[in-house]
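What follows is one structure encoded as structure tokens, with my remarks underneath.
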Amino acid sequence: MIKIAIYGKGGIGKSTLCSNISAALAKKGVKVMQIGCDPKSDSTVLLNAGEKLPSIMKKYTEKGSALELKDIVFQGENGVLCCETGGPPPGTGCAGRGIINSLERLEKLNAYGIYKPDIVIFDVLGDVVCGGFSMPMRKGYAQKVYVVTSSEKMSRYACGNISMAVENFKGRDYAELGGYILNKKTSPEDNKALEGLCKDFNTQIIGEVEYDPLIKEAEEKDTTVIKTFPESKVALSFMNIAEKIYV
Amino acid sequence: MKNTLKIISCYSADTAGVCSILYEMGGMVVVHDASGCNSTYSTHDEPRWSKYPSNIFISALTERDAIMGRDETLTDNTVKAAKELEPRFICLCGSPMPALIGTDFYALASEIEKKTSIPTFSVATTGTYSYIQGAGLALKEFIIKTSVYKKREENTVNILGYTPLDLYINGQKERIVKLFEDKGIKVNFSSEYSENILNASHNLVVSQSGMEAAKYMWENYDIPYMCALPIGEKLSKFVLDIPNIKEPVFLERNTAKTSFYILGESLFSQSLAKALSLEEGIDAGVVYTLEKEDRAVAPCDYTTSTEEDTENFLKEKAENIIADPIYKHISPVNAKFMSLPHFAFSGRCFEHNIPNLMCDDHALKEVIK
């Protein structure tokens, strides 16, 4: 089993990318578990026909220690095991603690031992803004961190910050930087600035997703391009990234 | 408001459990918490504080350090103190504030161990669970980190889970030691530092705090365990059979219906119920307000987690109650209430009235008089 974490600036397309990678891997027979680490609980909607799953924090609040895996892990498209940490409503509580508590709960319930996924993908909200958001990259969780970015300045800035966090935690045996995934927001888009960042952090761009209106079209249909437009060029690019991640 | 304690007290928290179980082991416990909180863990919840020395420190976490994630304040100060004190081990544990900011205790312990070469482990307590959980995890981590299996020592029993939070410092520990030593059985108290804990032939679990460690040693080192306290003469004889057990042993109680209930630490209450049955012919049930082992639950027992629930159950079912005096305030007025103070619940309020029930029929009779 390998575990990876996907980070990146808010709104850059992490959940869309994660869901398409999960769907692509599952289509090839790989057992995938996608864990959304976001209070909004919307990481896996594209794998579940637009339906928001009940989150770990919601069910834990209701059931306490009687919480069971069947309450929080669901099979989505192509059998992808879907799970959402959830968290507090906007402006209240502590989202970071929600991620910590949820991931600890999955461990306690022996989720990885019982479902035995080949790959676990943590889809993490935005930047590494507090201890809770670093949880998926800690020892015992993801082995590699991939950052989704466009070549836009603010996106690269967030990418640099996340890379810096990975670098800072090296002494703690946390996850290592697996590389960047370029999600082009416009067409054409220049890669040069991002290549400079790659040099700074001694990493590489492992895959590129060209701007394609089919992504939006699939999203409007509450599904992945892997399912709706499997022969499209953009579906192929997701499959290529999936292959780079799960060798 | 359902989960709010309005009348009764709350039990000591997980952090106090860590400090208590490691108190006499010669290590250094560092609680990552705001300055001033040390008195909660090492005096209010610790009756040994004025009698025996122990290295329990508070990191004095400030709001600024918490916001800025300055873990190095904790690690640097711990390393500095450890180099001066040369403890046998270091244990880091937490409190609500580091729990919320997600302090990675596991990583910090590893960093401190690299810098000091002293065995270091962590228990990521949050201050929101019971002392049983903190003590249980700390004992297990302590064994994993510091004990080495060399050779099985027959006729040697580890006493697991002893803390004054459940077994007060009024001679209870000494009576347990004497019980075994009089029969030529060697005793290791897990509350005292011992590198030989994994060499023992058997484990006696004397509170739920010892359960995690007992299960770990059974699963990994084939050391069978017995869950019982030697309360009264007959149960003491039963406990003395421990060198002959080959697998885990729990007290069997089959009472289906009763109006006689005990509230307190789960393993202590089960043992007391068993002793009452053996010595006095009383069929007693247990109301669980703390963690318990399911395999030792009798049909008449009841598990509760809220004050209202406990109050309603006692009102409906109990005519005779043995519990800490604070429980009297939610017990039915018509019930016979027999006081048995529990340090983890009422602290120093009734500490001088805590009886020593170990191996003593007379003290048992006094409780139900």
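Keeping all protein chains in place, calculate the accessible area per residue for the protein assembly as shown (probe 1.4 angstrom), answer in Å². All intermediate terms of the calculation are to be shown ahead of the outcome.
Values: 26440 Å² over 616 residues.
Ligands and nucleic acids excluded, the result is 43 Å² per residue.
Return the loop-located trypsin sites (Lys or Arg not before Pro) in segment B:172-259 (DSSP other than H, G, I, E, B) with at most 13 other Cβ atoms within 10 Å of their own Cβ; answer none if there are none.
Details: sites: B:LYS173, B:ARG175, B:LYS178, B:LYS183, B:LYS186, B:LYS215, B:LYS234, B:LYS237, B:LYS246, B:ARG253, B:LYS257; in loops: B:LYS183, B:LYS246, B:ARG253, B:LYS257.
Filter output for segment B:172-259: B:LYS183, B:LYS246, B:LYS257.
Enumerate the lysines that B:LYS51 could reach by cross-link, defined here as Cα to Cα under 21 Å, with residues fewer than 8 away along the same chain left out.
B:LYS173
In whole Å, how far is the Cα centre of segment B:12-76 from that of segment B:148-220?
About 25 Å separates the Cα centre of segment B:12-76 from the one of segment B:148-220.
Run lengths n ≥ 4 of DSSP H only: what is the helix-derived mean residue ellipticity at 222 nm for the protein assembly as shown, with -39500 (n - 2.57) per run over all residues, to the nearest 500?
Values: 23 runs with 225 residues, N = 616.
-10500 deg cm²/dmol, from helical runs alone.
Please enumerate, by chain and number, the aspartates and glutamates with C-alpha under 19 Å from the C-alpha of B:LYS365, excluding those fewer than 8 residues away in the same chain.
Within reach: B:GLU233, B:GLU279, B:GLU280, B:ASP283, B:GLU319, B:ASP324.
State, in square angstrom and to the nearest 100, the accessible area buried between chains B and A, both chains counted, probe radius 1.4 Å. Intermediate values should be presented prior to the final figure.
Numbers: alone 16130 and 11250 Å², together 26440 Å².
That pair of chains buries around 900 Å² in total.
Could you give the size of the charge dipole of segment A:152-247 about its Cα centre, using +1 on the Cβ of each K and R and -1 on the Cβ of each D and E, expressed in debye and rounded to the nearest 20?
220
To the nearest Å, what is the center-to-center distance of segment A:34-80 and segment B:307-356, using C-alpha atoms only?
42
Which shape class applies to chain B: rounded if a/c is under 1.5, otherwise prolate when a/b exceeds b/c and oblate if not, where a ≥ b ≥ c are the square roots of the Cα gyration tensor eigenvalues? Could the numbers behind the result be given before it?
On the way: a/c = 2.09, a/b = 1.33, b/c = 1.57.
Oblate is the answer for chain B, as a/c is 1.5 or above yet b/c matches or exceeds a/b.
Hey, which lysines would be in cross-link range of A:LYS63, C-alpha to C-alpha under 18 Å, not counting anything within fewer than 8 residues on its own chain?
Hits, sequence-local ones excluded: A:LYS108, B:LYS2.
Could you tell me the convex hull volume per residue, in Å³, taken over the Cα atoms of the protein assembly as shown?
Working: hull volume 103.7 nm³, N = 616.
Hull volume over Cα atoms, normalised by residue count, gives 168 Å³.
What pairs from A:LYS59/B:LYS328; A:LYS9/A:LYS59; B:LYS183/B:LYS246; B:LYS83/B:LYS150 go past 24 Å between their alpha carbons?
On the way: A:LYS59/B:LYS328 35 Å; A:LYS9/A:LYS59 28 Å; B:LYS183/B:LYS246 19 Å; B:LYS83/B:LYS150 29 Å.
Exceeds cut-off: A:LYS59/B:LYS328; A:LYS9/A:LYS59; B:LYS83/B:LYS150.
The values are calculated or read from the model by the stated rules, or taken from the named source; none is laboratory data. These numbers come from a predicted model, not from an experiment. No Cβ is skipped: glycine too gets one built from the backbone with ideal geometry, and neighbour counts run over all protein chains shown. Remember, those area values only see protein heavy atoms, side chains included, never the ligands or the DNA or RNA. Shrake-Rupley method; radii C 1.70, N 1.55, O 1.52, S 1.80 Å.
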